[in-house]
Every structure is written in structure tokens, then in C-alpha cells.
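Written out below as C-alpha cells is the structure these notes cover.
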Amino acid sequence: MTHADTVPPHLLLGTCDYPEHVPPDRWAPYARQQRELGLHFVRVAEFAWSRLEPRPGDFNWAWLDEAVDAYHAQGLRVVMCTPTPTPPAWLIRAHPDILAFDEHGRVREFGSRRHYDFASPVYREHSRRITRAMAERYGQHPAVAGWQTDNEFGCHATSRSYGGASAERFPAWLEARYGTLDALNHAWGNVFWSMEYTDWSQIRPPVLTVTEVNPSHVLDYARFASAMIAEFQAEQVALLRELSPRRFITHNFMIFESGFDHYDVARGLDFATWDNYPTGMLEFFAPPGVDEALKTHYARTGHPDLVAFNHDVYRGLMRGQDGLGREGAGTPNGFWVMEQQCGQVNWAPYNPLPADGAVSLWTAQAWAHGADVVSYFRWRAATMAQEVMHSGLLRHDETPDRGHAEVQALDQTLFPAGPIRARVALLHDYESLWLYDQQKHAAGLSYWAQTVTYYMALRSLGVDVDVVHADTDLSGYAVVVAPAITLVSAGRAAHWTHAVQAGTPLICGPRTAFRTPGGATWDDGQFGPLSDLVGARLHQYDSLRPTLTQPVTGLLGTFDATFWAESYRLNGAQALAHYAGGPLDGQPAVIRHGRVTVIGAHSAPLISAVLTDVLTAAGVPVTPLPEGVRVSRRAGRVLVQNWNPEPTDWNGRRLPPVSYQVMEEASV
Ligand code: GAL
């Protein structure tokens, strides 16, 4: 069994099962029903520590052995997890310093999950201990296909602990990074408000200050916390590699998670997986353009582009910063959905039932965006504790729920393995996200909202997109879009300049290259090291409250900027549009210098118009799609999707509500 063996000829399905939640006499019948449903994978044990080691050093494997054997007997492949999101009570009470601190300096108590600090040396020791024990027990088991480390790093705002072990480790991490306090004080701009340090021990996490904390301090704390997560996982990965050869190792990342640098944390994994909950996502992550009416429209499906964006982020994750793929990665362009919503969720303010057809539409879309496996959360609805309101494939009473019927009806062979050949790259970077969101300056906009607005515009033009790290290899793309990369180092500027000089058009959103890697602004202002390439400098920026708009007018039409408008002083670039009225009256709003276009105003229709112009000139086909209709291409096929709750006409066809069709690419 090698990882390559797990790259299937077509989409495969799985589920997340919890044998520890049900009596042992259910294990064999569940495994049989899972096989009969056409599932291939079962993920287990991510929260099972208290049953695996009920008392210190006293392991009880019998129940998990029996459950794994039951799956094996049905030919199901097991994804085994390290159970570290849930250290048991005996461990926490013996070592309370494992617990993390919230941003108000309070201990985050035992009694749910993810109650640990990634930097805790004691917890690191126990994480290695339980990982070793599990890998020794199951690492060579023929049913075990691979491993998931922990569960959803960062979930419930757990990336950063603001006291205890993290607070103790932070100064040493800074000393290793900066060498001297002079260098740190300079990098953080600590002369401002007399924040200069004279001893490393004076430095604390960036919380509980009287007013806002220094953004450079926040940026480095985010980097530090991210490094702790990467280290924590690397320790598990090293043990799993040693004791469980020829098995894959992955982690299940989250929807729009911001707390750590996912590219760093993914290093060392074989492929990424993520957990897809489209209806909950709509409540929490819709950008301002998705208003209440649209949220109602998509309440039972989620928004197609919000889901697609996450697929594309995780498809691109393993390419990392160099774009070359990771050593050992079996599917550098593949990923799994480790947890796929298959009914109601329980954690959003409102949790509507999915529309008929939504579960199969979500599954088909995952395939079209590169998923090799879709695994439903969860097999049977929980009958106890925090998640009793959440659906599974089976209801509480073990009868098949609505998602089950849709999974049963799926033809997995419709969805062959194969590459996605996107011609447009959209650049993403967690450090820019941290800086942007620390000082939004216009409360309605955020890094994700600005980025997703560009992504939605591309998808509504029928364009497939690779979401890649801002420093990745850009050769081969017809167009590169940098919606919100506010941190541009000299190296990044050189990298982009090289791509543009090699012939690639680049489109940048507002705030591009406003900040240095230290979190300051450039001494020569925005665009810092990118100024020559852009042929302009920032002149003014304006923050617009939700009811205040700023007209923009030019060759492509007249638009209203919302939330953000910035203008430029030209130094070689030409203006494609100007602001009309208000304090920016007459100043350039959209500029072009050779192959580089900068859009200074936040307006979805303006963004769409500029993208259409640049894509068309670059020879990328543009097909404006009706609301709710989306097309995605993979392996020579096209998935045509209708996410609308009503039939929709497209390209001479009438698409039924909440439905999809798979067609040969040549036929569309
Ligand atoms: C995920 C988590 C699962 C479960 C699920 C409910 O975030 O990994 O354990 O809680 O949400 O939707």
C-alpha cells in the first residue's frame, strides 16, 4: 500500500465514524452499510483519547482494534487520527499549564475540545507519546490507508494562546528572529508611544493593552503562533513517517481559517484536506456583496463561489511558496474533503435543511475543483452531548437521512481523476491577511472579503482559477490577479516583476504593496518596491461607510465604489478611470502601466469590467454566467451547476433547481 495507490481512477467517498459513541454491536452492521452505500474510506478516533488511554499509561486498544477489524472485513480503508484535539481530564488536571489563554487573559477550560497550547512543552511530550502509541498499534495495519493529524487546527479561535507556555516561549522566538533588541525595536517601530524594550523578558503577547496593539507586534505573534502549530504537527509527522511507512499523512483544514500560515503548516503533509460546510459558511463568511436577499436565496445550498474558493485554496496549498509541490506528495494538485456536510449543521445562528440535491451538488463541485475523495460528516447523528442537533447520513434512530439517499444515487464514475488546467492565478498570502485585518480602516471590508470579491467576479465570468501563494511560480498562467496582497517585500516585487516582464498581465486590488514585511509602510509610500512596475504612487485613500459611495467613471463605464477608494499619482501609468465628485474628484481610480493594471476602488461591477478587459486581451475565454449558474472544468469534462432554488436557463438549456450536469468539455 503506497500513497500512490490511494489516488483513485475517479472520485471516491467516505465518512467520519465514531465507534466510541455507539455500542459494539453496531460496528459490524455500520461497516456493512457503509460498504453497501459505496463508501471507501472511514475516518476514526480524532477525539477518542479518553477511551484509548483511560488512565495515564493504561492503554485500551481492544475496542478500536475490533472496530478497525470490522471496517477491514468490509474492505473499507481507515483514516486513523491522532487524538490530540482532546487531551483527557486526567492529563489536564495533572498539567494545567497545557491549557491555553484567550485574548482577555482567561484560561480556556477543559470541557469541550482544542483546550491546549501548541507551545506547551508538556503537551508536546504527551502529543508525541500518544502519537507513537497509536502509530505502533495501527501504523502497519492493512486497513489503515493514512493518517490525519489532530483535527482542524485553529478551530474555535485556538491558533493563538495569549498566556502560559506561548507567552513564555515568544521572547526566545523573537530573539532567534531578530538577534538584538535594537533590531526588534526598529522593525516594530517601538519609538512610537515609547514602546521600546530593553530586555527580552519585557515582551508579552499583544493583548490587554489600553488601546490598539502595535500591528507589527501582532504580525510577529501570528508568525510565532503559526510556527508553533507547524512544529507541533511536524513532531507527529516525524513519528508517523517512521512507524507507519507507505501511508499518507494529511490534516483537515477549515473554511476561511486565518489563524496560521497554511502553506507552512502543510509542508510535510502528502496532501491537504478540508471540511466543507456550505450553509454554515454562508452565515459567517459572505462578503458585503452577498446581502440578506442573496443569503436567503442561497440559504439551502450555500454560495457556490464561497465553497469553490476554499476548494481552490486547498488544491493549491501543497504547491507552497515555490510552486514545485512537496516532496512525497502523491497528488500535488489533489485534495480531499475530509468532512462534507450531508444535512444540517449545528453551529450557525440558523441551520436550514439543505435543498434536495444539495448534497450531490456539493459532492460534484468538490470533484470539479480537484477533490479525489469526499467524506461525509458524520455516519450517524450524535445521540449525546454538544452536537446532537447536527445531521449525519443516518438519523439518531439509525434510519437513513436525506443525505444518505443522495449519496446512494451518485454515480462515482461520472467524476474521473485528472488535472484542472486553470489559466488564471489568484494570489493569496496569510501575512497580508493578518496585516490587512489588523487595520481594516473600513469595517465592512476584510482581506477575505476583498479577495473573494475578485474570485467571485472571475467565477461569474466562467473562468477557472488556481489560488496560489503570492511567491509561487507564476509561469504558465495567462493572467495573474493579486486582490489584496498588502505585504510586498523586495523579493516578492522582483518575483512579480519577472513574471510581468516574461509577458504575464497582472491585476492588483487596492492596498497592494502598502506594507513592508515588518508591518510598517514603505518609506517611499505605496507601491514601495513595486513602484517602477506600477508606474504610479498612492495619492490618497478613502474609507467609505456603508451608506457612502464614491462614483468612478471611465472607458469601462460608471461605477460606485463602496468601502474603499484610493487614487494615484501617475509616473508612467495611464488612468483608465477617474473618481467623479467628493474629495477624490478627478483623481485616477484605475490605472495601467504596460501589462499591470491596478484597481483602486472597491466595486464588484468595476472589478468584473476590468477583469473582462484584461482576460479577453490575454485570450482567456470569458462567458458571463447567470446568477447561481457556474461551470468548472476537470479532466476534459465540464460540470455545469445550478445553485438556484429555481430552474435557470443557460446556453440553450433549462437547468433544474439545485442540480448539475457533467459534459464533455468539447460539447459545451
Ligand atoms: C467540524 C469538526 C467536526 C464537527 C463538525 C460539525 O468543524 O471538525 O468535529 O464538529 O465541524 O459541523
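Taking R0 as 56 Å, what's the FRET efficiency between H396 and Q202 from their Cβ-Cβ distance, rounded to 0.05?
On the way: r = 55 Å, r/R0 = 0.97.
Efficiency computed from Cβ-Cβ geometry: 0.55.
Please say if the chain is rounded, prolate or oblate, where rounded means a/c under 1.5 for a ≥ b ≥ c the square roots of the C-alpha gyration tensor eigenvalues, and otherwise the choice is prolate for a/b larger than b/c and oblate otherwise? Oblate. Across segment 184-191, coupling constants 3J(HN,Hα) worked out from phi with the 6.51/-1.76/1.60 Karplus curve, θ = phi - 60°, read 5, 4, 5, 4, 8, x, 6, 4 Hz, and Gly and Pro carry x. Centroid-to-centroid, using Cα positions, segment 639-668 and segment 449-512 are 29 Å apart. The sum of -39500 (n - 2.57) across all DSSP H runs of n ≥ 4, divided by the residue count of the chain, sets its helix-only mean residue ellipticity at 222 nm to -9500 deg cm²/dmol. The loop-placed GluC sites (Glu not before Pro) in segment 64-111, going by DSSP, that have at most 14 neighbouring Cβ atoms within 10 Å of their Cβ come out as E103, E109. Quick one: net charge of E627's neighbours, Cβ under 13 Å, K/R +1, D/E -1? Charge balance in the 13 Å sphere: -2. Loop-located GluC sites (Glu not before Pro) in segment 134-236 (DSSP state other than H, G, I, E, B) with a sparse environment of at most 14 neighbouring Cβ atoms within 10 Å: E212. Shown here is the pair-distance distribution of segment 424-617: with all Cα-Cα distances grouped in 5 Å bins from zero up to the longest one, the shares run 1, 8, 18, 22, 23, 17, 8, 1, 0 percent.
Cβ crowding within 10 Å ranks D560, D397 as D397, D560, fewest other Cβ atoms first.
Between the residues L548, P505, A425, the greatest Cα displacement towards the positive end of the dipole of segment 424-617, with unit charges on the Cβ of Lys, Arg, Asp and Glu, is found for L548.
Can you tell me the dipole magnitude for segment 424-617 around its Cα centre, using point charges on the Cβ only (Lys, Arg +1; Asp, Glu -1), in Debye to the nearest 20? Working shown, then result.
On the way: 10 positive and 15 negative charges, 48 e Å.
Rounded to the nearest 20 debye, it is 220 debye.
Per the Debye calculation on segment 339-426 with a single equal scatterer at every Cα and no solvent contribution, log₁₀ I(q)/I(0) for q = 0.10 Å⁻¹ amounts to -0.31.
Distance between the 7 Å Cα→Cβ label points at R241 and K440: 4.0 nm. Only Lys, Arg, Asp and Glu carry charge here, each on its Cβ (+1 for the first two, -1 for the last two); on that basis segment 528-668 has a dipole of about 340 debye about its Cα centre. A dipole drawn for segment 424-617 from +1 and -1 charges on Cβ atoms has a positive end, and of G528, A442, G586 the residue lying farthest that way is G586.
Taking every DSSP beta bridge with both residues inside the chain, roughly what % is antiparallel (nearest 5)? Each step should come with its number before you reach the end.
Working: 45 of 91 bridges.
Beta bridges within the chain, antiparallel portion: roughly 50 percent.
Electrostatic tally near Y116: other residues with Cβ closer than 11 Å to its Cβ, Lys and Arg +1, Asp and Glu -1, net +1. Scanning residues 5 or more positions from W564 or on other chains, those with amide H under 5 Å from its amide H are L544, H602, with H placed 1.01 Å from N in the peptide plane. Between the residues F253, A405, A70, the greatest Cα displacement towards the positive end of the dipole of segment 3-414, with unit charges on the Cβ of Lys, Arg, Asp and Glu, is found for A70.
Sequentially through segment 628-645, phi angles give Karplus couplings (6.51, -1.76, 1.60; θ = phi - 60°) of x, 9, 9, 10, 9, 10, 8, 6, x, 10, 10, 9, 9, 10, 10, 8, 7, x Hz, Gly and Pro residues having no value and appearing as x.
Evaluate the charge dipole of the chain about its Cα centre and quote only its size in Debye, nearest 20, assuming +1 on the Cβ of each Lys and Arg and -1 on the Cβ of each Asp and Glu.
On the way: 53 positive and 71 negative charges, 141 e Å.
Taking the Cα centre of the chain as origin, the dipole is about 680 debye.
Values quoted throughout were computed directly from the atomic coordinates according to the rules given, and no laboratory measurement underlies them. Everything numeric in this text was worked out from a predicted model, so none of it was measured. We place every Cβ from the backbone using ideal geometry, glycine too, and count neighbours over all the protein chains shown.
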